[in-house]
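Here's the structure, in structure tokens; my notes come after.
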Amino acid sequence: GHEAGDLLLMMATKRIKEQARATDILCRLGGDEFVMVMEGASPQDGHRLVRDIIAAFSTPFEIQQQRIYCTASIGVSVYPDDSTDPQTLVVYADLAMYRAKQNGRNDFEFYTSNLNFIAHQWLDMENGIRHALKENQFFLVYQPQMGIEKGKLTGVEVLLRWRHPERGLIPPLEFVKIAEQSSLINQIGDWVMDETCKQMRTWLDKGYKLPRVSVNVSPRHLRSDSLVKMLSSVTAKYGISPKMMCIEITEHALLEEGDTVKKNMRLIKDMGFIISLDDFGMGHSSLLYLKRWAVDEVKIDRTFVDGLVNSPEDRVIVKAIVALADALGLSLIGEGVENQLQADILSQSGCKNVQGYFYSPPIEIKEMEGWLKK
Ligand code: C2E
Ligand code: CA
Ligand code: CA
């Protein structure tokens, strides 16, 4: 709520201020954006300051008996090296901050002329994505999800691919983040949903029995007003029951306490979709989220699955996630299973569902049909 938000802003401001020198100027541009001017400081001073600010955010804020975790992303531009014009310096700092965010929050970046280049590359990429949507360069692949014990197909995750006429296959990690910076990601999401339902209809008409089908929905799309309407019209268009589908969201999407996310989650759930929390354990996982957001399923992030064989800590974490899921009545999938040993340990820990290269990489339609036949 507003009150807690205001408190957080004040406390955050205080922490930033504590790191600054008496002569530095700190102001809030609006929302959660601040600008600090350090006159007569060397780039080294700037370096020290941003690291101190980031460290100052490492302890959670206590607000209304709750612990709030928040991070800072910082961009730095230097006078007169980068520019002598104040406006340009702010734009450059902003570009650098964008870059820091891209690296994963809680980081900082200095402006380099390279960033200007990168900014242009981004624009190119955005135009490329628009073009790709128009020219049908996107397609979907399907990755089987399995029950360990019976070795049966329990689900399929739909994953997006971009076949670029010159650059070849571009993996989603290279363009989803860029698309996420604008409403392009919503258009992509609309396309993925339409294509998925269309394919499901084709398979159903061919007489295949389908396991439930999971689709990734980006945080930005989850926040949008149009998502729910799209989901209901697309499923109706192809006569697909939402009960046959699962919406995968990341914890990240839930960190935003916006009312639209809350409302959308409820509506999606009420329509009958299964809701799965992707990459679990990587973000600010909180038991609270699982309960509050009516999640049905948790996907254990592949970094933990990867660590199962060699890291006792990861084994403990996975056991704890399993216990948690059991207690809350959630189903579980272990992601990124690449070998028998990982599968065995997962199974012994009580995680019965898996997905990963060990069983199958994401595959194209024909090959998926082979699986459906089996
Ligand atoms: P994700 O949702 O966590 O998807 C799982 C990723 O792990 C996929 O990469 C998959 O190919 C890969 N993977 C599966 N099994 C294994 C394994 O055993 N080992 C390893 N190392 N990797 C495995 P992909 O297809 O490149 O997708 C990457 C990410 O891009 C996805 O992560 C998801 O966040 C995003 N993405 C993909 N398709 C879509 C989409 O349609 N919409 C949105 N919004 N995001 C998508
Ligand atoms: Ca996923
Ligand atoms: Ca994942």
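The values are calculated or read from the model by the stated rules, or taken from the named source; none is laboratory data. Bear in mind that the values here come from a model prediction, so they are computed numbers and not experimental data. Using ideal geometry, Cβ is built from the backbone for each residue, glycine included, and neighbour counts are taken over all protein chains shown. Heads up: the accessible areas ignore ligands, DNA and RNA and are worked out on the full protein's heavy atoms, side chains in. Shrake-Rupley method; radii C 1.70, N 1.55, O 1.52, S 1.80 Å.
Before rounding to the nearest 500, sum -39500 (n - 2.57) across all DSSP H runs of length at least 4 in the chain and divide by the residue total; then give [θ] at 222 nm in deg cm²/dmol.
Values: 15 runs with 185 residues, N = 374.
Rounded to the nearest 500, it is -15500 deg cm²/dmol.
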- prompt: Taking a 1.4 Å probe, which of His221, His252 shows the most accessible area, and what order do the others take after it?
  reply: His252, His221
message: Using the Karplus curve 6.51 cos²θ - 1.76 cosθ + 1.60 with θ = phi - 60°, what ³J(HN,Hα) values do you get for each residue of the stretch 52-66, in whole Hz, with x for Gly and Pro?
response: 5, 5, 4, 5, 5, 8, 6, 8, x, 8, 9, 10, 6, 6, 10
- prompt: Which length gain, in nm to one decimal place, applies between Glu364 and Glu18 when the Cα-Cα distance is subtracted from 0.36 nm times their residue separation?
  reply: 119.0 nm
Overall Cα dimensions of the stretch 26-169, principal axis frame, Å, largest first: 65, 48, 26
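Looking at the stretch 128-227, which GluC sites (Glu not before Pro) are in a loop (DSSP not H, G, I, E or B) and have at most 12 other Cβ atoms within 10 Å? Write down the numbers at each step before the final one.
Values: sites: Glu135, Glu149, Glu157, Glu166, Glu174, Glu180, Glu195; in loops: Glu135, Glu149, Glu166.
Listed in order of number, the matching sites are Glu135, Glu149, Glu166.
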query: Thinking of the stretch 1-61 as a set of Cα atoms, what percent of all their pairs are more than 15 Å apart?
result: 52
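Using the Cα gyration tensor of the stretch 15-104, with a ≥ b ≥ c the square roots of its eigenvalues, what is the shape: rounded (a/c below 1.5), prolate (a/b larger than b/c) or oblate (neither)? Please report the intermediate quantities before stating the final value.
Details: a/c = 2.01, a/b = 1.63, b/c = 1.23.
Prolate is the answer for the stretch 15-104, as a/c is 1.5 or above and a/b outweighs b/c.
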statement: Once both label points are put 7 Å beyond Cα along the C-beta direction, the Asp225-Tyr357 separation in nm becomes 4.5
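Suppose every K and R has +1 on its Cβ and every D and E has -1 on its Cβ; what is the size of the dipole of the stretch 1-136 about the Cα centre, in Debye to the nearest 20?
On the way: 13 positive and 19 negative charges, 73 e Å.
Roughly 340 debye, rounded to the nearest 20.
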query: When every alpha-carbon pair in the chain is counted, what percent end up more than 36 Å apart?
result: 32
Coil-residue trypsin sites (Lys or Arg not before Pro) of the stretch 1-99, DSSP, other Cβ within 10 Å capped at 12: Arg21
message: Only four residue types carry charge here, +1 at the Cβ of Lys and Arg and -1 at the Cβ of Asp and Glu. Report the dipole size of the chain about the Cα centre in Debye, rounded to the nearest 20.
response: 1460
